[in-house]
Amino acid sequence: MNQKILIIRFSSIGDIVLATSPLNTIRRNYPDSHITFLTLSNFAPILEFHPDIDAIIALRKTPSIPYHWRFSKLIKDKGFDIIFDLHNSLRSRLILANQSSQTETLKKPRWNRFLLFQFHVNLFDDDFSVPLMYHQSLGSIWKEGDPIPKTFLKISKNEKRFAKEILKRNNLVGPYIVIIPGAAWEQKQWPLDKYVELCQSIRHDLQLGIVAIGSKKDRICFEISKRVSDVVNLAGKTSLRDAMALISGADRVVGSDTGLTHAAEALGIAVTMILGPTSRQTGATTLLEQSQCIESSDTWCRPCSQNGSAPCYRSAHFCMDTIKAEEVGNTFVD
């Protein structure tokens, strides 16, 4: 049956990437439907060219209630048959207030996370993951034991060609790895000295090129390139799509629990994900067999927050400081 379906996930990069897993399940269950994805405008480029999406609606980020109320009327006028709210936020509830469509809403494990962060009591199942959590909110089209697809993003041939041109202009020809050392919250960032040690080892032992990607606010990228001159620092010099295209050509990606690290796996690139204040229960996990999570398993205070935003209250940042460059470097060995 031809149906009009709306999927909602506003932010952030990593969560939107992980939402492409249930997106695939929805498409398989409604192969002839018209699927629209609603997200914030600054993240909309992530989903361009995705084969399971027919249209993208980009929402401007603003706290204005009248704006969202007007947007709610626009969504109602679209006449969606089914809505999957994979965000379940005040914004999504406001937009859906006037809707009469069948709606499936994300069930967030707020109580379990509260106990985990505040008292370090873990009530999560051993197999918990964000893609699984999303699927458990899809209603009757998915049941326990059904497959959970991998995440997926699409890069065009022209974008890949342009990425190669960027590298050539920076005198990088041949295999390379991408490092994503920055993070939205400093607590999720692996120390500068360890990144420098890792980059020196990669250049000396593996003879691989190194590309640093991030925003112009990620000062750690600039500090790394100062201390390791061979590192091509593209922080603040690429669009989101350009960064994804550069990642799609890498041999491997190293970074914290950040959006572009999750995007790398959706592009089929193995990652080494360095985990500090976040964990699998917060969405920090890898999905590809070749990928690895590196974490300090005996640091009692982690995880301490959903996204790594909580200030560290200990004398040192043990969850990150105890992870050695050699440990991360060993993930490059097959």
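The values are calculated or read from the model by the stated rules, or taken from the named source; none is laboratory data. Computed from a predicted model, the values in this text were never measured in an experiment. Here Cβ is always computed from backbone atoms with ideal geometry, including for glycine, and neighbour counts include all displayed protein chains.
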>> Quick check on region 128-137. Is at least one of its residues more than 16 Å from Ile26 (Cα to Cα), part of a loop (DSSP other than H, G, I, E, B) and not assigned by TED's automatic domain parsing to the domain that holds Ala264?
In response: yes
> Mind checking which pairs have a first residue in region 280-295 that is acidic (Asp, Glu) and a second that is part of a loop (DSSP other than H, G, I, E, B), Cβ under 9 Å, 6 or more apart or different chains?
Replying inline: Glu289/Ala270; Glu295/Gly276; Glu295/Ser279; Glu295/Ala284; Glu295/Arg302; Glu295/Ile323
> Just checking, which of Lys168, Lys217, Lys226 is out of contact with any helix residue (DSSP H, G or I) (no Cβ under 9 Å at 6 or more places or on another chain), closer than 17 Å to Ser256 by Cβ and exposed (fewer than 15 other Cβ atoms within 10 Å of the Cβ)?
Replying inline: Lys217
>> Taking the criterion of being part of a strand (DSSP E or B) and either among the basic types (Lys, Arg) or in contact with a helix residue (DSSP H, G or I) (Cβ under 7 Å, 6 or more places away or on another chain) (or both), would at least one residue in region 306-315 satisfy it?
In response: no
> Are there any strands (runs of 3 or more DSSP E) wholly within region 188-278 with 1 or more residues that are closer than 23 Å to Gln306 by Cβ and among the polar types (S, T, N, Q), and if so which?
Replying inline: 253-256, 271-275
>> One residue is enough: does region 186-203 have a residue meeting the conditions small (Gly, Ala, Ser), on the phi < 0 side of the Ramachandran plot, touching an Asp or Glu at 6+ places or on another chain (Cβ under 6 Å) and surrounded by 14 or more Cβ atoms within 10 Å (Cβ to Cβ)?
In response: no
> So which residues in region 77-120 are part of a helix (DSSP H, G or I) and in contact (Cβ under 8 Å) with a residue 24 or more places away in the chain, if there are any at all?
Replying inline: Lys78, Arg91, Ser92, Leu94, Ile95, Asn112, Arg113, Leu116, Phe117
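Assess whether Leu6 counts as being within 20 Å of the chain's Cα centre (by Cα) and at pLDDT 95 or above.
Against the criterion (within 20 Å of the chain's Cα centre (by Cα) and at pLDDT 95 or above), Leu6 does not qualify.
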> Which one of the conditions (1) surrounded by fewer than 18 Cβ atoms within 10 Å (Cβ to Cβ); (2) under 13 Å from the mean Cα position of the chain (by Cα) does Asn307 fail to meet, given that it meets all the rest?
Replying inline: (1)
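The rows are residues; the columns are (1) modelled with pLDDT of 95 or more; (2) basic (Lys, Arg).
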{"position": "Lys194", "(1), (2)": "yes, yes"}
{"position": "Arg203", "(1), (2)": "no, yes"}
{"position": "Gln207", "(1), (2)": "no, no"}
{"position": "Val211", "(1), (2)": "yes, no"}
{"position": "Lys217", "(1), (2)": "no, yes"}
{"position": "Phe222", "(1), (2)": "yes, no"}
{"position": "Lys237", "(1), (2)": "yes, yes"}
>> For region 257-274, which positions are of a type in the set (Val, Ile, Thr) and either over 13 Å from the mean Cα position of the chain (by Cα) or at pLDDT 95 or above (or both)?
In response: Thr261, Ile269, Val271, Thr272, Ile274
>> Being more than 17 Å from Val253 (Cα to Cα) and among the small types (Gly, Ala, Ser) is the filter here; which residues of region 309-334 pass it?
In response: Ser309, Ala310, Ser315, Ala316
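Just name the residue that is farthest from the chain's Cα centre (by Cα) out of those in region 69-115 that are among the acidic types (Asp, Glu) and within 27 Å of Phe128 (Cβ to Cβ).
Glu104
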> Any idea how many residues of region 35-76 are among the aliphatic types (A, V, I, L, M) and part of a helix (DSSP H, G or I)?
Replying inline: 6
> Can you tell me which residues in region 21-57 are in contact with a strand residue (DSSP E or B) (Cβ under 7 Å, 6 or more places away or on another chain), surrounded by 13 or more Cβ atoms within 10 Å (Cβ to Cβ) and aliphatic (A, V, I, L, M)?
Replying inline: Leu23, Ile26, Ile35, Leu38, Leu40, Ala44, Leu47, Ile53, Ile56, Ile57
> Scanning region 220-256 for residues that are closer than 17 Å to Ser291 by Cα and polar (S, T, N, Q), which turns out nearest to the chain's Cα centre (by Cα)?
Replying inline: Ser256
> part of a helix (DSSP H, G or I), within 18 Å of Ala250 (Cα to Cα) and not assigned by TED's automatic domain parsing to the domain that holds Pro109: does that describe Ile179?
Replying inline: no
> Is it the case that Leu74 is among the aliphatic types (A, V, I, L, M), closer than 15 Å to Phe37 by Cα and loosely packed, with under 13 Cβ neighbours inside 10 Å?
Replying inline: yes
>> Which count do you get for residues in region 121-159 that are under 18 Å from Gly14 (Cβ atoms), touching a residue at least 24 places away in the same chain (Cβ under 8 Å) and of a type in the set (A, V, I, L, M)?
In response: 5
